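Throughout, read-outs are computed from the coordinates displayed, never taken from laboratory work. A quick note: this is a predicted structure, and the numbers were derived from the prediction, not measured. Heads up, the Cβs are rebuilt from the backbone with ideal geometry, glycines too, and the neighbour counts pull from every protein chain shown.
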Amino acid sequence: MSPLTSAVMAWLPSRLGGKRVSSFPAGMSWNELPRSARDASPEAVLAAFAMMHADMALEHLQTNRDGLTDFEANARRAVKGPNLLPTQKPPSWIMTLLAAIPNPFNVLLIFLAIINASVPNRDWAGVTVLLIMVVISVLVRFWQEYRSSVAVFRLQSSITNNQKVRRQPPSVEALVGKAHGSVEKLVTEKDLVPGDVVVLSPGSVVPADCLVLEASFLRISQSTWTGENEPVAKVATSIGSKEATLFDLANVAFMGTSVISGNGLALVLRTGSDVLIAGMAKELKKKREKNAFQQGIRNVSWMLIGFMCVMVPIVLGISGKTTGNWNDAALFSISVAVGLVPEMLPAIVNANLARGAYVLSKMKAIVKRLDSVQNLGAMSVLCSDKTGTLTKDEITLSQYLDYAGAENPSVLKLATVDAGVQGGNGNNIDLAILNYRLPDGKPVSVAQYEAVTAIPFTFERRRSACVVRGVTGQNLLVAKGAFDEVLGLCSSVRQGGVAVPLDPEKKKMLADRADALNGQGYRVLLVAEKQLDKVDLEDEDGLRELETRMTLEGLLSFVDPPKDDAADSIAQLKVLGVDVKVLTGDSLPVALNVCQVLGVLGTNDDTDDDLQAITGPELAELEGEEEFDAMVKTCTVFAKLTPTQKALVVGSLRKAGHCVGMLGDGINDCMALRKADVGISVDSGASVAKDCADLILTEKGLGIIVSSVRTGRITHGNTIKYIKARTSRARAPSRSVLTWR
């Protein structure tokens with residue numbers, strides 16, 4: 001409790017007849033972390049709140065569903081500060097420019113320029129060339145470093161100005177937490193505090209990290225975070241899942257995500273610098289590690305400096321003793337030092353990289369950082385997401401099976417009837433059914449059915465239903481939805497065209513078939529029907545009560561199919577010596593199935609998929625860096641990863657000596673994109689992801705990556721050729737001098 005609130009609580013007894021009033025449980029502070037949080041990180045705190053019952057979360061934050069009073073909100077704001085992401089001014093351009101100067105090659109060139117300008121017979125042409133090379137190198141590095149600061153500020157662009165919030169009226173009873181009832185008012189988002197209750201509606205942006213208290217058909221787009229286009233259902237579930245990853249939490253809404261449809265009531269959990277996206281901003285503010293190309297240039301520079309430090313004293317000593325003229329010997333040794341330095345290296349390398357960038361632009365790849373062209377050529381591991389890269393990112397109806405496991409057109413027809421009555425409603429499942437085409441290319445015909453009424457899908461019921469009238473005038477109830485929910489409505493199952501009792505043995509058989517399909521990466525729904533004698537269309541509760549003693553007709557399976565060119569692209573990358581590792585937020589069975597089909601995993605029957613795949617929660621349980629690094633080296637598929645874990649996987653691969661590429665398009669990929677030697681995003685991705693990337697693809701897919709790697713190999717080869725030729729030519733005069741002298 002804030003000091004201001006405590007003072008008021010101490011003052012109230014004298015105004016209320018000496019009776020002291022306490023609004024909240026003793027010893028509980030709204031500013032404390034949940035006890036079940038494993039640490040103070042945003043991920044751990046949000047996961048702990050998700051595991052709480054909503055009433056417990058309200059109690060912990062010392063509020064209720066009517067919200068706070070303005071008085072209490074002001075008091076909390078005095079403690080927590082405004083609900084704004086932490087901002088840091090980018091370094092001044094002068095400081096960035098000065099920081100771009102000190103690298104070994106630039107220091108070497110400056111040193112040689114000073115020496116050349118200090119000797120009696122000054123070589124001004126040589127001094128000018130050396131300084132021009134330094135200026136070019138510094139300006140290129142300055143521009144790259146200064147531009148990278150944009151990423152932090154892009155994170156704030158998704159926050160709107162005003163938010164509808166519930167506030168209690170400013171009465172004494174409300175002040176001590178005894179009032180009931182509230183008013184909805186608009187406040188600026190920066191004035192929100194933990195404990196506020198906000199109203200979510202279509203088109204609004206979630207203003208803070210929140211716990212969903214009430215939801216009505218609430219669907220929120222997390223695409224800016226995850227890159228997944230499908231909106232996520234948010235429900236007021238009391239308890240979260242221990243196995244769920246951060247973005248699977250159905251009762252948590254994240255700051256910056258958008259409400260697509262439905263309405264909801266949400267409790268503000270974290271604001272300002274405590275929200276999840278703020279942690280991302282802190283990571284993006286850190287200086288980016290040197291990539292493989294920069295480390296290579298640095299190593300070459302130090303090699304030349306070392307070689308010069310060895311050769312120049314030797315040449316000076318031998319020349320001075322041989323000629324007896326130490327002044328001439330000093331000048332001669334300086335000339336040798338200048339000859340050892342490939343002063344044109346920055347210009348040659350940049351010109352080579354620029355040529356590679358131009359070629360890539362013709363291949364629908366936009367280069368943001370020139371050195372990414374070189375790193376593409378040196379890349380040995382590509383970390384890629386699954387959805388939209390390996391798969392088409394569209395749900396497709398795959399099978400329509402009866403109880404016996406055979407394809408049955410009746411199951412498909414009933415599913416199409418319900419999907420047609422529902423009208424799609426933006427539901428990808430219904431759209432997939434309506435878009436399905438028979439082998440002759442024609443849609444399923446359901447013209448003989450007349451729509452009577454629809455019972456729409458809800459996330460609480462996890463099914464939809466409809467009533468239709470056939471050509472005989474008979475009403476038919478059709479239900480379609482999640483396995484457990486629809487199975488619970490059925491008392492019989494269609495077997496051989498006859499409805500037979502649905503006994504436990506048949507239920508187990510159906511469950512085993514569904515589990516087998518789920519294990520192969522399919523999503524399974526059940527379809528059931530029931531003949532109705534009459535139906536009261538005005539009585540909605542009566543309609544729902546009809547959903548009993550139905551007959552199970554069969555099941556549907558859906559899948560996000562692989563892209564047509566994905567398998568070939570992966571095979572070509574393997575030929576080029578690039579291993580593909582999949583980092584996805586999807587479930588492990590789905591990811592394994594796709595990777596097995598595309599050849600990402602080993603096809604040998606003796607290969608255990610469990611040894612090639614791991615989930616984020618399993619990674620979190622590993623002890624020590626050595627165990628983590630060993631698992632990253634072994635595994636090919638990583639499912640249910642958090643943003644931090646993605647970056648750790650990329651860092652582990654780099655530590656093992658790999659040149660790593662990272663392909664991602666969501667905010668959750670930003671840390672991994674910056675950690676990689678070459679970060680790759682797409683033009684449809686989140687703005688901050690594109691800011692963190694080195695290469696932006698105009699089309700998402702591995703085909704462009706293959707072409708880019710080949711172009712990078714050519715650029716990489718040309719750079720290596722120049723360095724070898726120039727250093728060999730630079731050593732030749734030294735050997736000649738030593739031999740002649």
request  = Quick one: compute the contact order of segment 396-559, relative version, from alpha carbon pairs under 8 angstrom and 6+ residues apart, as a percent.
outcome  = 27
task = Compute the Cα gyration tensor for segment 396-559, then decide on rounded, prolate or oblate, letting a ≥ b ≥ c be the square roots of its eigenvalues: rounded whenever a/c is under 1.5, prolate when a/b is larger than b/c in the other cases, and oblate in all that remain.
result = rounded
task = Please label the shape of segment 577-666 as rounded, prolate or oblate, based on the square roots a ≥ b ≥ c of the eigenvalues of the alpha-carbon gyration tensor (a/c under 1.5 means rounded; beyond that, a/b larger than b/c means prolate, else oblate).
result = rounded
request  = Please go through segment 341-415 and write out the trypsin sites (Lys or Arg not before Pro) that DSSP classes as loop and that have at most 12 other C-beta atoms within 10 Å.
outcome  = 362
ask   = With a sphere of radius 10 Å drawn around the Cβ of residue 524, what net charge do the other residues whose Cβ falls strictly inside it have (Lys, Arg +1; Asp, Glu -1)?
value = +1
DSSP-loop GluC sites (Glu not before Pro) across segment 435-495, with at most 16 other Cβ within 10 angstrom = 460
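Mean separation of Cα pairs under 8 Å and 6+ residues apart, divided by the residue count of segment 345-468: what relative contact order is that in percent?
Reported as a whole number, the value is 14 percent.
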request  = Would you mind counting up the charge near residue 699? Only other residues with Cβ under 9 Å from its Cβ, with Lys and Arg at +1 and Asp and Glu at -1.
outcome  = +1
